[in-house]
1. What whole-number volume per residue, in cubic angstrom, does the convex hull of the C-alpha atoms of the range 18-87 give?
2. In percent, how large is the relative contact order of the range 18-87, given Cα pairs closer than 8 Å and 6 or more residues apart?
3. Could you pull out which residues in the range 23-58 have an amide N less than 19 Å from a spot 7 Å beyond the Cα of Lys80, following the Cα-Cβ vector?
4. When ranked by the protection proxy of mean other Cβ atoms within 10 Å per residue, highest first, what sequence do the peptides 69-81, 43-55 form?
Amino acid sequence: MSYSVATIGKDSEGLMRKSRAKCECGSSAELQYKAKLGRFGIHKVTVFNVPVYSCNGCGNSFMNGSDAKKFAKRIEDAVKSNLIEINFD
Ligand SMILES: [Zn+2]
């Protein structure tokens, strides 16, 4: 009996993240990894290496939808584990 192993890169989200995104002002925003302060209730958590798009035009910074969801989840988990500093990944 033989079988083959398929390598699927589905869970490597980082590779699928674009290096640029369009800001709502119309300029292009560049992907950068930054430390960001998040909140959950009264708690604050610093998250390192957060993928954030920074706009060259208006200075706005934002995350993509799935990263924003993950960020919120990571904050919640950190607070439940009594952590004040975590890494995004
Ligand atoms: Zn902008």
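1. Considering the Cα atoms of the range 18-87, their hull volume per residue is 83 Å³.
2. That works out to 30 percent.
3. The answer is 38-47, whose backbone nitrogens lie closer than 19 Å to the label point.
4. Descending mean neighbour count gives 43-55, 69-81.
Where a number appears in this text, it was derived from the coordinates with a stated rule and is not lab data. Given the structure is predicted, the values throughout are model-derived calculations rather than measurements. In this analysis, Cβ positions are derived from the backbone assuming ideal geometry, glycine residues included, and neighbour counts consider all displayed protein chains.
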